[in-house]
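Have a look at the structure below, then the notes.
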Amino acid sequence: MNKIKILGIVGSLRQDSYNAFALKAAQALVPNDVALELIDLHGIPLYSQDDEMSPPSAVQALKQRILDADAILFATPECNYSLPGALRNAINWASRPYGETAWKGKPAAVMGASVGSFGTARAQSHLRKILVALDMPVVNQPGVMICDAAQCFAENGELIDDATREVIQKLLNSLVDLVDACRTNQAQAA
C-alpha cells in the first residue's frame, strides 16, 4: 500500500500559533506509513471571483498540494465564534472555479487549540458544516479541542500534555482508517 500523505493546514497566521504547534506535534505522532506535511496560509490573497479563472501562483500551489494529498488535517483557531478569515479564504480559493474544487471526496479531520475553555468547539462546528458542503468525508470522533493551550505546550511549542497527545494520536488513527475506507470504496467502484 502507498504511503498516506496528509496535508496539515494551519488556520492561524500567528507566528507562535498553538494550532501550528498542535500540527507539529501531530507530525511526530503519525504512524510509520503516513507522512504529514504542513502548510500555512501566508501569501494567499483575498478571494475574488474576478480572479478565479487565473488564480495567483500562491493559490495554484495551495490547490496542487491539496490535490496531491490523500487527506487533510485542519487545525483551526476560533475567531468571533467561528473560523478565522484566512482559513475560510483558502477554502474558498481551493473550491473554485465551480466544478474544479480540490476538496471533493478528500478525507479530512479537524482539531483546534485555544487559550480559552471551549477549545475551538464553535469554530470546528462551523468548519464541519463547510466540509459537508464541499463533499468531504470527515472524521467524527475523537474531537480534539485543546483548551487552555498555554498549559499544554511549552514556550518552544513542544506538546507537554499527555492527554492531548493521546487524543491527537487517536484522531490521526481515525483519519488513516477513513483514508483506507475511502480507498477501498473507490477500488470497489472502479
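The values are calculated or read from the model by the stated rules, or taken from the named source; none is laboratory data. Just so it is clear, the structure is predicted and the values come from calculations on it, not from any experiment. For neighbour counting, all protein chains shown are included, and Cβ atoms are generated from backbone atoms with ideal geometry for every residue, glycine included. Protein only, heavy atoms only, side chains kept; ligands, DNA and RNA dropped before computing areas. Shrake-Rupley method; radii C 1.70, N 1.55, O 1.52, S 1.80 Å.
A few remarks follow.
- Residues considered: I91, I44. Of these, the only one that is modelled with pLDDT of 95 or more, of a type in the set (A, V, I, L, M), in contact with a helix residue (DSSP H, G or I) (Cβ under 9 Å, 6 or more places away or on another chain) and over 23 Å from Q141 (Cβ atoms) is I44.
- Condition met for T101 (free of Cβ contacts under 8 Å to residues at least 40 places away in the same chain, within 19 Å of K63 (Cα to Cα) and hydroxyl-bearing (S, T, Y)): yes
This table checks each residue for (1) in contact with a Ser or Thr (Cβ under 8 Å, 6 or more places away or on another chain); (2) open to solvent by 50 Å² or more (accessible area, probe 1.4 Å); (3) modelled with pLDDT of 95 or more.
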site: G116; (1), (2), (3): no, no, no
site: A133; (1), (2), (3): no, yes, yes
site: I146; (1), (2), (3): yes, no, yes
site: T184; (1), (2), (3): no, yes, no
site: A187; (1), (2), (3): no, yes, no
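For every residue, the table says whether it meets (1) touching a residue at least 60 places away in the same chain (Cβ under 8 Å); (2) closer than 17 Å to G8 by Cα; (3) of a type outside the set (A, V, I, L, M, F, W, C).
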site: D50; (1), (2), (3): no, no, yes
site: D70; (1), (2), (3): yes, yes, yes
site: P77; (1), (2), (3): yes, yes, yes
site: A94; (1), (2), (3): no, yes, no
